[in-house]
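Where a number appears in this text, it was derived from the coordinates with a stated rule and is not lab data. Being a predicted model, the structure only gives us computed values, none of them experimental. Because the Cβ atoms are built from the backbone with ideal geometry, glycine has one as well, and the counts that use them run over all protein chains shown.
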Amino acid sequence: MILPLFMGAVALGQDSQPVVGREAAAKYFQKRDPAQNYGGYGGGPQDHYLALHVGRYMSSQSYDWGKFGQEDDIGKMNLGVTYRVGEWQNSMDLNLRLDYTEFDVGGEKPSKLSFLPLLTFPDASSRFPLYFGAGIGLGVFFKQASSKSALSLDYQLVAGARFFDIFENTGFFVEAGLKNHILLLSSGQFNGTFLAGGLVFTF
């Protein structure tokens, strides 16, 4: 009677011993499901896309920029490229946008290249067609109105729809929003609403 109870207690004690060594370590080094990655920032070739757009300002106003003070409809053609640098997974994307814009201010023809980090959400990996974004950066004028600053603080608010991989790795998108700037080294301000469209390439 005593011997079976003793043997049972020994077996129970062995079963309750913690598992150590390779078996225990293996539980903590299993490959993680990518769907479980929340909030981490990452980037790689498979995460990137390149978008090319052509657009035009639908309406625009300038303040103390040209020789006539306040003017309307001075924003003209806009060309740009947006490159997705990386993402906060299941959250938003970090993009670099280069914008070339032409203006007509008081008979002069300024032109500018803008460099903007642009945050957009949701992240492109979700493949959700609608997106929203905001960016702020530096504008450098190739040509500028007389006695005005060659540098500007540029900021954008955008909303759009994108459709990836319509033909192999090529899709298209449309975008609208605000593109504004404030001259840094002189007086002058520009506010404009735009509409643009173009191609998006994934790789």
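Return yes or no: is residue 141 under 19 Å from residue 72 (Cα atoms) and either part of a strand (DSSP E or B) or in contact (Cβ under 8 Å) with a residue 40 or more places away in the chain (or both)? Full working, then the answer.
Details: under 19 Å from residue 72 (Cα atoms): no; either part of a strand (DSSP E or B) or in contact (Cβ under 8 Å) with a residue 40 or more places away in the chain (or both): yes.
Judged against the criteria, residue 141 is not a match.
Which one of 110, 122, 117 is surrounded by fewer than 16 Cβ atoms within 10 Å (Cβ to Cβ), more than 17 Å from residue 198 (Cβ to Cβ) and either over 17 Å from the mean Cα position of the chain (by Cα) or of a type outside the set (Ser, Thr, Tyr) (or both)?
117
Tell me yes or no: at least one residue of region 136-150 is over 8 Å from the mean Cα position of the chain (by Cα) and more than 16 Å from residue 185 (Cα to Cα).
Step one: filter region 136-150 for residues over 8 Å from the mean Cα position of the chain (by Cα), giving 136-150.
Keeping just the survivors that are more than 16 Å from residue 185 (Cα to Cα) gives 136.
Yes, region 136-150 contains at least one residue that is over 8 Å from the mean Cα position of the chain (by Cα) and more than 16 Å from residue 185 (Cα to Cα).
Suppose we filter 178, 157, 151, 185 for residues that are within 28 Å of residue 62 (Cβ to Cβ) and free of Cβ contacts under 8 Å to residues at least 24 places away in the same chain; which single one remains? First the steps, then the outcome.
Working: 157 fails: free of Cβ contacts under 8 Å to residues at least 24 places away in the same chain; 151 fails: free of Cβ contacts under 8 Å to residues at least 24 places away in the same chain; 185 fails: free of Cβ contacts under 8 Å to residues at least 24 places away in the same chain.
From the options 178, 157, 151, 185, the qualifying one is 178.
Just for strands (runs of 3 or more DSSP E) wholly inside region 60-104: which have at least 1 residues that are under 26 Å from the mean Cα position of the chain (by Cα) and surrounded by fewer than 21 Cβ atoms within 10 Å (Cβ to Cβ)?
On the way: elements: 69-72, 75-88, 92-103.
Answer list for region 60-104: 75-88, 92-103.
Mind checking which residues of region 162-203 are in contact with a Pro (Cβ under 8 Å, 6 or more places away or on another chain) and surrounded by fewer than 20 Cβ atoms within 10 Å (Cβ to Cβ)? Walk me through it before giving the result.
Going through region 162-203, the residues in contact with a Pro (Cβ under 8 Å, 6 or more places away or on another chain) turn out to be 162-163, 203.
163, 203 - these are the residues of region 162-203 that are in contact with a Pro (Cβ under 8 Å, 6 or more places away or on another chain) and surrounded by fewer than 20 Cβ atoms within 10 Å (Cβ to Cβ).
From 201, 194, which residue is part of a strand (DSSP E or B), of a type outside the set (Ser, Thr, Tyr) and touching an Asp or Glu at 6+ places or on another chain (Cβ under 9 Å)? Spell out the reasoning first.
Values: 201 fails: touching an Asp or Glu at 6+ places or on another chain (Cβ under 9 Å).
Just a single option satisfies the conditions, and that option is 194.
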